[in-house]
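Structure record follows, encoded as structure tokens.
The values are calculated or read from the model by the stated rules, or taken from the named source; none is laboratory data. Given the structure is predicted, the values throughout are model-derived calculations rather than measurements. Glycine gets a Cβ as well: all are built from the backbone with ideal geometry, and neighbour counts include every protein chain shown.
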Amino acid sequence: MKKAKGCINKKCIANNKKTIYTSEYDFCLKCGNSLHYVCKDCYTELPSDSKKHCIRCIAKNKDVRYRILKLASGTVMTVGFIGKKIIDRSK
């Protein structure tokens, strides 16, 4: 996935629709203003072209991953506990 550029002109149709351009484009196709690197999720302007997402979206994605892993590990522990109880009762 390449870095995304977007129009930051608030009056532009491309900004309102949050149109994503590839890094080959330098100017907006709708209004002609220069394009800036934007976050792929929330469309906020990024300070540099080093990242694809802003700090808030990176933190949100890490939090979601952490919650999923925590839920999955809890589910595995519960299944293991139930399985152990079943094996103990069958003996």
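Report, by residue number, each residue of the stretch 41-75 that is under 12 Å from the mean Cα position of the chain (by Cα) and among the charged types (D, E, K, R).
D41, K51, K52, R56, K60, K62, D63, R65
This table checks each residue for (1) in a loop (DSSP other than H, G, I, E, B); (2) farther than 14 Å from A4 by Cβ; (3) of a type in the set (A, V, I, L, M, F, W, C).
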position: S48; (1), (2), (3): yes, no, no
position: K52; (1), (2), (3): yes, no, no
position: A72; (1), (2), (3): no, yes, yes
position: G80; (1), (2), (3): no, yes, no
position: K84; (1), (2), (3): no, yes, no
position: R89; (1), (2), (3): no, yes, no
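Collect the residues in the stretch 4-40 that are surrounded by 16 or more Cβ atoms within 10 Å (Cβ to Cβ) and either within 13 Å of the chain's Cα centre (by Cα) or in a helix (DSSP H, G or I) (or both), keeping them in residue-number order.
A4, A14, N15, V38, C39, K40
Do you know which residues across the stretch 46-58 are modelled with pLDDT under 90, loosely packed, with under 14 Cβ neighbours inside 10 Å and among the charged types (D, E, K, R)?
Answer for the stretch 46-58, where residues must be modelled with pLDDT under 90, loosely packed, with under 14 Cβ neighbours inside 10 Å and among the charged types (D, E, K, R): just D49.
Before we move on, is K11 of a type outside the set (A, V, I, L, M, F, W, C) and at pLDDT below 90?
no
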